[in-house]
Amino acid sequence: MVRIEFLGPIQKPAVEMEASTLAEVAEALRADETLKAWLKNSAVAVNDTLVSGLDVALKDGDKVSLLPPVCGG
Amino acid sequence: MLELYDGALDVPELLKKWYEEESRGNYGAYIPFVGTVRDENGIEGLSFDIYEPILTSWFDAWQQKAAGRGALLKMAHSRGDVLLHQSSYIAAVFSPKRRVALEMIEAFVEDFKASAPIWKYDLKNGERIYAADRSTAIGGSGLLAGGDA
C-alpha cells in the first residue's frame, strides 16, 4: 500500500491505495472531484523528495505528499 | 540552523543568541531579516502550518550553498498562531564580507517565499482562512492533474 498525504489547507485525511507508479496515484486522485483544484496547483513529493514526473516507481510503504501553494514568513 | 517554535518568536532573544553563537566565527557581516504581522484587512493575526521534512531538506540545501561562499544561514519560524505586531519569521546570514550577506539574504528570503513548505492562514472573526491569494505554487505544481494543468 502507498500512503497519500494532503498537506496544509487541503484538509483531507490521508488515504492508502495500491499503486506501482505515481501515474496510477494521479489517475485515482483525478476521480475525486474535491481534489480537482488542488491537483492543478499542488507540487508532489515521494518520500519527502519533490518529483517532476509521473513515471516514478512506488513500492509498499512509500509516501506521496501533495503540497499546495505556500506562503511562509 | 533551522529553529521552529510554537507561536510568536522572541525576536530580541533570537537575534542576541545568534549574535553570541557566531561572535567568534570571524564573520564581518550579520544581516537579519525579521517578518512581523501587520494590522491590515481586519485580521487578528496569522497562523502557520509547516511540513518539517521538506522544509529541513530545503534549508539544508541552502546552507550548503551558503557554505560554498563562506557564509552561514540561520532561520526561525513560527507554527500556529501569531498575533498582530508579533513576529513569525527571522532569516539571517553571516558572512566574512558584506556583499555576500547582502546578496544572499535577498535570494534566500525570495526562495523561501516561493518554495518553503509553509502555509499561511488569516485569523479573522475567530476563523482560520487559508491565504490562497498570497500563496505561490511550488515549481512543478500540477503534475498529478494531467494535461489540463
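What follows draws every value from the coordinates through simple rules; no lab data is involved. Computed from a predicted model, the values in this text were never measured in an experiment. Glycine also receives a Cβ, built like all others from the backbone with ideal geometry; neighbour counts cover every protein chain displayed.
Structural remarks
- Segment A:Thr49-A:Asp32, extension gain: residue separation times 0.36 nm, minus the distance between their alpha carbons: 3.7 nm
- Count Lys and Arg as plus one, Asp and Glu as minus one, and take only other residues whose Cβ is under 12 Å from that of A:Val2; the net charge is then -3.
- Built amide H within the under 5 Å cut-off of A:Val44, gap 5+: A:Val51, A:Leu67
- Chain lengthening between B:Glu40 and B:Lys124 when straightened (0.36 nm per residue, less Cα-Cα): 29.1 nm
- Estimated dipole of segment B:38-95 in Debye, rounded to 20 [Cβ of Lys and Arg +1, of Asp and Glu -1, Cα centre]: 440 debye
- Near the amide H of B:Asp81, within less than 5 Å, lie the amide hydrogens of B:Gly7, B:Phe48, all on another chain or at least 5 residues away, with H placed in the peptide plane.
- Working from Cα pairs under 8 Å separated by at least six residues, relative contact order for chain B is 32 percent.
- A:Met17, A:Met1 arranged by Cβ crowding within 10 Å, fewest neighbours leading: A:Met1, A:Met17
- Rounded to whole numbers, the Karplus 3J(HN,Hα) couplings from phi for segment B:41-54 are 6, x, 7, 9, x, 10, 9, 9, 10, 10, 9, 5, x, 7 Hz, using 6.51 cos²θ - 1.76 cosθ + 1.60 with θ = phi - 60°, and x at Gly and Pro.
- Degrees, to the nearest 10: B:98-115 long Cα axis against longest axis of chain B: 20 degrees
- 0 to 90° range, to nearest 10: angle between helix B:11-21 axis and chain B longest Cα axis: 30 degrees
- For residues of A:50-57, the mean tally of beta carbons on other chains within 10 Å: 3
- Here's the picture: charge each Lys and Arg Cβ at +1 and each Asp and Glu Cβ at -1 in segment A:2-67, and of A:Gly53, A:Ser65, A:Trp38 the one pushed furthest to the positive end of that dipole is A:Trp38.
- Debye, to nearest 20: dipole size of chain B, +1 on Lys, Arg Cβ, -1 on Asp, Glu Cβ: 640 debye
- When both segment B:21-80 and segment A:45-73 are represented by their alpha-carbon centers, they are found 23 Å apart.
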